[in-house]
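Beneath this line is the structure, given in structure tokens, with notes to follow.
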Amino acid sequence: MLVNGKWVEKWQPVQEADEKGRFVRQVSSFRNWITPDGSAGPTGEAGFEAEPGRYRLYVALICPWASRTLIARKLKALEEMIEVTVVNPVLSDQGWQFGGYPGADEDTLFGATYMHEIYTHADPEFTGRATVPVLWDLKRNVMVNNESADILRMFDTAFEQLVTSDTRLYPEAQGAEIDALSKEIYDRFNNGVYKAGFASSQEAYDEAVAGVFETLDMLEGRLSGDYLMGDKLTEVDIRAFVTLIRFDAAYHGLFKTNLRQIADYPRLSAYMERILRQPGVRETVNMDHITRGYYSIKALNPSGIRPVGPNHINAMTSAA
């Protein structure tokens, strides 16, 4: 991680745990918002107006948090508005790295080798982990935001004067319900699999795994329609999908969340396929990057050997 702008140690999957051995995720620190007129968003300062070609999104295709911003970019038809840089899926001793793997990009803005160099361009004294996604402002040459939940929301509304869309990921009438369900999905499922995989005590692991499968059971029971909020896809579906699509291939084995697979949930399996059929979503899912990345985590898989399956996920994500 970075300490006062200097890289000080080899990358580790866990930098902090609580007194019971529970994995603690770092809080995002850059929280400005792109808005239609450049006014301030819910957090941060003003000055980030929606403009074509002004912003670049840094992502890892392995990363569920980054992938939800990619899905929003696709669903809101923002490909020509916002360029993307994809990092190498293999986490190096200095974290995310540019280039050197099929589908990974070099950094065209600064010629950086590692993602942490982008953070020190933003703040020469930055202390913390250099995470993705990152939204960068080419005009002001500053980091706008590194919180995927914020980026998901701003992609939904900020560019509407420039790119029309029939998709509304956060309909205001359902906002309170979306917020409540998103909070539960995040804590017990999105982050729950990490709490299980990186638990440093049996108590923490048992607690996390119980939460993961209670949430999966809840989601399976809730899916009476096409999507979690009814007949229209919303941001809560994106939040659920990015963990679901990685579950059988990575979390089930590597993170020891192995009570059941998503393949054992018929409604959730059909739901994943339904979301994959949304325009552009399948292009955001790269199972090679996902399995290569997760199984390169030395603390969990010292040999670096990755599994070839599962076949049902490979077939689902590669279907025409």
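A few comments on the model shown:
- Amide H contacts of GLY5 (H built 1.01 Å from N, under 5 Å, at least 5 apart or other chain): PHE126, THR127
- Annotation for the range 218-294: chymotrypsin sites (Phe, Trp or Tyr not before Pro) lying in DSSP loop with at most 15 further Cβ atoms inside 10 Å of their Cβ do not exist.
- Taking trypsin sites (Lys or Arg not before Pro) across the range 124-176, the ones in a DSSP loop with at most 15 further Cβ atoms lying within 10 angstrom of their Cβ are LYS139, ARG140.
- Centre-to-centre, using Cα atoms only, the range 227-270 and the range 129-204 are separated by 17 Å.
- Amide H contacts under 5 Å for VAL84: LEU57, restricted to partners 5 or more places along the chain or on a different chain, H placed in the peptide plane at 1.01 Å from N.
- A crude spin-label estimate for the pair THR167 and LEU138, with each label 7 Å from Cα along the Cβ direction, gives 2.2 nm.
- The base-10 log of I(q)/I(0) for the range 166-251, evaluated at q = 0.12, 0.19 Å⁻¹, reads -0.38, -0.84 [Debye formula, identical scatterers on Cα atoms, solvent excluded].
- Among 155-162, 54-61, the order from most to least packed when residues are scored by Cβ within 10 Å on average: 54-61, 155-162
- Cα gyration tensor, the range 198-298 - rounded (a/c under 1.5), prolate or oblate: oblate
- For the chain: accessible area per residue (Å², 1.4 Å): 42
- Close Lys-Lys pairs in the chain, where close means Cα under 18 Å and separation is 8 or more or interchain: 8
- DSSP H segments from the chain that extend 24 Å or more along their own axis, Cα-based, with Kyte-Doolittle mean of 0.5 or above: none
- Taking amide H atoms as placed 1.01 Å from N in the peptide plane, the amide H of SER92 lies under 5 Å from those of GLN97, each 5 or more residues away in sequence or on another chain.
- The range 69-113 - percent of accessible surface contributed by carbon and sulfur, probe 1.4 Å: 45
- Carbon + sulfur, % of accessible area of the range 138-226 - ligands and nucleic acids excluded, 1.4 Å: 46
- The length gained by stretching the chain between LYS183 and LEU300 to full extension, at 0.36 nm per residue less their Cα-Cα distance, is 39.4 nm.
The values are calculated or read from the model by the stated rules, or taken from the named source; none is laboratory data. Note that the coordinates shown come from a computational prediction; the quantities given were computed from them, not determined experimentally. Positions of Cβ are generated from backbone atoms using ideal geometry, with glycine treated the same way; all protein chains shown enter the neighbour counts. SASA here: full protein model, heavy atoms, side chains in, ligands and nucleic acids out. Shrake-Rupley method; radii C 1.70, N 1.55, O 1.52, S 1.80 Å.
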